[in-house]
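Quick note: the coordinates plus some simple rules give every number you see, no bench work behind them. Here the structure is a predicted model, which means the values were calculated and not measured. Counting neighbours? That spans all protein chains shown, and the Cβs are built from the backbone with ideal geometry, glycine included.
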Amino acid sequence: MGIKKIGILGAGRAGTALARSAASAGIQVKIAGTRPARQMKYHLMQYAPHALAVNAGDIAEDVELVALMVPQEDLDDVDTGSLADVLLIDATNRWEDEPLPPWFQDSLDRGLSSSEAIAEHFSQTRVVKALNHISHWDLDADRATKTEAQRALAIASDNPRDAAVVATLIRQLGFAPVQLADLAQGRSLEPLGEIFNEVLGAEDLVQRITKDPAC
Ligand SMILES: NC(=O)c1ccc[n+]([C@@H]2O[C@H](COP(=O)([O-])OP(=O)(O)OC[C@H]3O[C@@H](n4cnc5c(N)ncnc54)[C@H](OP(=O)(O)O)[C@@H]3O)[C@@H](O)[C@H]2O)c1
């Protein structure tokens, strides 16, 4: 049994690419940005025609998981309560010197990976790091990079059951999932990590991380 319904928070380049890719795989998609759902109609007609616009506070209702695709600098505007008890895929990255909310910077200064910082902030949410180390261009179903070996996408999680759910989604999207040891290993997926934006098959991805683990 595959994933049937997902929510995507963030309707920009990454969020709409995932929405198109998921819709191509037969998955129902709810999507939200900062604007009220009724103001998303023309944006979605162009970028994610099969997705259903909802208000951000309703993104977790009646879905199996939510993908977080909002810039990290905007995370203070995401209501933590609306994501309570949710399986959340943290697909965010810090881009160069993007300013961060104080709690985020504080967690990084204490040595946490970005996903551990997000897990600490969204303390009632089950956070898994995935889908951040592939560009929106390559994620898009129509333009997905074709390689001889199926491209692998990594999953960093402290919870094997949550990781397995995300692995199912990744398979449905047409990629090979690779489960890493824990959430802390999500560091390897970050912009300065070994596999960020690298087109690798599963074996090469594992080798790249084990050879030179970032954490
Ligand atoms: N671009 C990529 O190739 C790529 C790939 C993987 C991961 N990522 C990561 O995904 C995140 C988003 O990147 P992007 O390139 O998609 O950025 P983007 O094109 O600028 O889109 C950002 C989206 O987030 C929405 N947003 C901002 N604050 C929000 C909030 N509080 N609640 C709901 N939605 C909110 C914005 O809504 P409005 O338009 O209504 O303001 C916009 O739709 C970043 O962390 C990035 O590093 C990007």
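Between residue 38 and residue 204, the FRET efficiency estimated from the beta carbon spacing at R0 = 30 angstrom works out to 0.05. When the Cα gyration tensor is reduced to axis lengths a ≥ b ≥ c, the ratio a/c is 1.5 or higher for segment 5-211, and with a/b not above b/c it is classed as oblate.
Under a Gaussian network description of the chain, with springs only between Cα atoms under 10 Å, the residue in 129, 30, 41 that fluctuates furthest is 41. Annotation: lysines with alpha-carbon distance below 22 angstrom to residue 30 (same-chain offsets under eight excluded): 4, 5, 41, 129. Paramagnetic label reach from residue 196 (point 7 Å along Cα→Cβ; backbone nitrogen cut-off under 20 Å): within segment 80-109, residues 89-109.
Remark on residue 31: its backbone amide H falls under 5 Å from those of 8, 52, 53, 54, a criterion applied only to residues 5 or more positions apart or on other chains, H modelled at 1.01 Å from N.
Over segment 5-211, Cα pairs under 8 Å with separation of 6+ residues give a relative contact order of 18 percent.
On a full-extension model of 0.36 nm per residue, what is the gain between residue 1 and residue 159, subtracting their alpha-carbon distance, rounded to one decimal in nm?
Between residue 1 and residue 159, full extension yields an extra 54.9 nm.
Rounded to the nearest 0.05, the FRET efficiency derived from the C-beta distance between residue 52 and residue 110 at R0 = 35 Å is 0.35.
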